[in-house]
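The values are calculated or read from the model by the stated rules, or taken from the named source; none is laboratory data. All figures in this text were calculated on a predicted structure; none of them were measured in a lab. With ideal geometry, Cβ positions are generated from the backbone for all residues, glycine too; neighbour counts draw on all protein chains shown. Areas reflect the complete protein model, heavy atoms only, side chains present, ligands, DNA and RNA absent. Shrake-Rupley method; radii C 1.70, N 1.55, O 1.52, S 1.80 Å.
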Amino acid sequence: MSCKAPGEEIAYKTTLAILNKLSNYSWVAKGVLTLSAFALEYGQFWLLSQYLQTEPLAKSLGIIKRVPQLTKPESLKKHRNAILELNNLIKATWQVIDIIIELERLNSLHDIKEVPALAPALEQFPVDVYWVIITIVAIVTQIECLTTDSDKRQDLSQFGQKINIIISKLRKHVSQCTIQIDQAEYNKLLRKLFQTPTEIMEVFKVLIFWKDVPKAPIYDGTTKTLVNIEVLKKKDVFLFISTLDISQEDISIMIPIHDHIKRTGSQHKIVWVPIVEEWNDKLRKQFDTLKSKMPWYVLHHFAPIKGIKYIKEEWHFKLKPLAVVLSPQGKILHQNALHMIQVWGVKGFPFSKSKEESMTQSLMWVDSLLVDIDIKIKWEEEKSVIIYGGKDKEWIQQFTKSAGALANDATIKQAKTSIELFCLESQQPTTVSNFWKKVESLFVTKMHEKTNTVTQQVEKLLSYKNETGWAIVTKGSIVTSVGHGTTILKAVAEFDKWKDVVVTKGFEFAFREHHHKVANTFHLCSHLEIPNVAGKIPDFIECPDCHRTMEVFISYKCCHNEDKANGEH
């Protein structure tokens, strides 16, 4: 680096020569070695200046290195501004290397997946180190110019500007990394708490506050008072998590559960946890309105929730409400029981994952769709029920006529069975809407399970939601067939072809067998719309008919409710 004339092109060529010489070293090492070489010379220069008057050897070496040329009082006065600029740039260059070393240290200690801010910082190392080296080359050249009292100078301003920009950028990277490291450590702590037997109260503290816990951060919707989190001690807790855009319908879903807990004296408690990124007066008023409608506990804390990132990433919270069930030891019994609650109501209590698995395996799943929605069907073991509906009124009329003729046929009576017809579309629109919401919720509870008969039946039914017609055939409350309007109508209309089998093998078997034959003669596409629910959506779903992996599309739907558009996947 020594004995180089000033100029950008010379500095550039010198830098390339240094990089070539250090080609076997990492980028960080290239920068450190270059800075070290300069520091050795620069440090020796100023060390000699301190002993020029007292040490003969120092004086001799100082003369060789032209130290007196710069350290004389008149020289210092003459070059004062240039020396200050030089020192400031040296310190700034050292800061760049210091921050780069710190980032490399963080990279060696943490997974880049947990600290993604490390990636762009590491990618910029070659560029940053290049500017460190070329700046040091320029500094050395400037020192040469000053010690020789040359009229020519190395312009350092552009290097100073670039180094300061790099420092600012690197500091932002370090700041982002620190935040992400803290979040990663916090997430690890939360996972450990959820996996290790702990008092639920402690888990709640860490999830919501982490360190500074207010004295009375919970509002009791029954007594209308603020209480300490001690009320959660040794309790099973439903964390009812939502934004402030929660609807009255969403709140109403939890009312029967609260009433059941109160009536039975259960140790379960419901706590509404509102998710708000940044509070203001308008949002606080909205919160107060919602709070007044809830008879259970409400988190009364107007600051960001510490565990919001964990809730979004680990529990897949989006915009839809979430109901996480925790044991008194802080163990997660169900990551989102809201769909269970929507399907089975209090019958699913206490809404654990094991309870859900036992209930969703039952072939009598259709009964759960009719709970609390004003549909009354009397299930009898020897009676078949055909529940049907669709978007096409003409299809419904045709099916009602054909199915009615089938139900009244002498063959059915001869087989000692009876058929009850139930048309969903004859019900109130609210009832129809609630039926399909239950179908969606039931599907959500099963979409991560291995494919089985019940999963296929529910998936088929949901795929027929917007079709011309569909039907469910049961024996008692056990579902035996689920079919598309096209194939189900044809199978019913062709009753004369399979009526003899009804007498020998029963209506359900005969219908299922003939409908299967009919379905194989049609090529119908399956369309499955999954609502934008809280929780993880599967990467792929198997078609309920051909068992191939279904294609994925994203659709957006707006029903102009409260001027808000809802995205659906």
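Straight-line cross-link reach from Lys355 at under 18 Å between alpha-carbon atoms covers these lysines, not counting any fewer than eight positions away in the same chain: Lys331, Lys347, Lys438, Lys446, Lys450. Computed with a 1.4 Å probe over protein heavy atoms only, the accessible area of Glu278 comes to about 140 Å². Descending by average beta-carbon neighbour count within 10 Å, the peptides 334-342, 239-247, 107-115, 287-295 line up as 334-342, 239-247, 287-295, 107-115, the highest first.
Taken along the Cα-to-beta-carbon direction at a fixed 7 Å, the label points for Lys312 and Asp288 span 2.8 nm. Stretching Ser168 away from Leu189 to a fully extended chain increases their span by 4.4 nm, per 0.36 nm per residue minus the current alpha-carbon distance. Shown here for region 378-459: GluC sites (Glu not before Pro) in loop regions (DSSP other than H, G, I, E, B) with at most 14 other Cβ atoms within 10 Å, namely Glu380, Glu381, Glu382, Glu449.
Ignoring lysines fewer than eight residues from Lys162 along the same chain, the ones with Cα atoms less than 16 angstrom from its Cα are Lys91, Lys172. Largest first and in whole Å, the equivalent-ellipsoid semi-axes of region 216-353 read 21, 17, 15, each the square root of five times a Cα gyration tensor eigenvalue. Potential lengthening of the chain between Gln398 and Thr243 amounts to 51.3 nm, from the contour at 0.36 nm per residue minus the alpha-carbon distance.
Counting 0.36 nm for each residue step from Lys233 to Asn87 and taking away their Cα separation leaves a gain of 46.4 nm. So what's the gap between the Cα centers of region 397-422 and region 472-491, to the nearest angstrom? The two parts, judged by their Cα centres, are 13 Å apart.
When the charge dipole of region 200-357 is built from unit charges on Cβ atoms (+1 for Lys and Arg, -1 for Asp and Glu) and taken about the Cα centre, the candidate among Ile200, Pro256, Leu283 whose Cα reaches farthest toward its positive end is Ile200. Annotation note: GluC sites (Glu not before Pro) in region 185-254 located in DSSP loop regions with a Cβ neighbour count of at most 16 within 10 Å are Glu199.
Applying 1/(1 + (r/R0)^6) with R0 = 45 Å to the Cβ-Cβ distance of Gln414 and Thr549 gives a FRET efficiency near 0.50. Taking 23 Å as the limit for the C-alpha separation, the pairs Lys205/Lys262; Lys416/Lys505; Lys318/Lys391; Lys391/Lys517 exceed it in the case of Lys205/Lys262; Lys318/Lys391; Lys391/Lys517.
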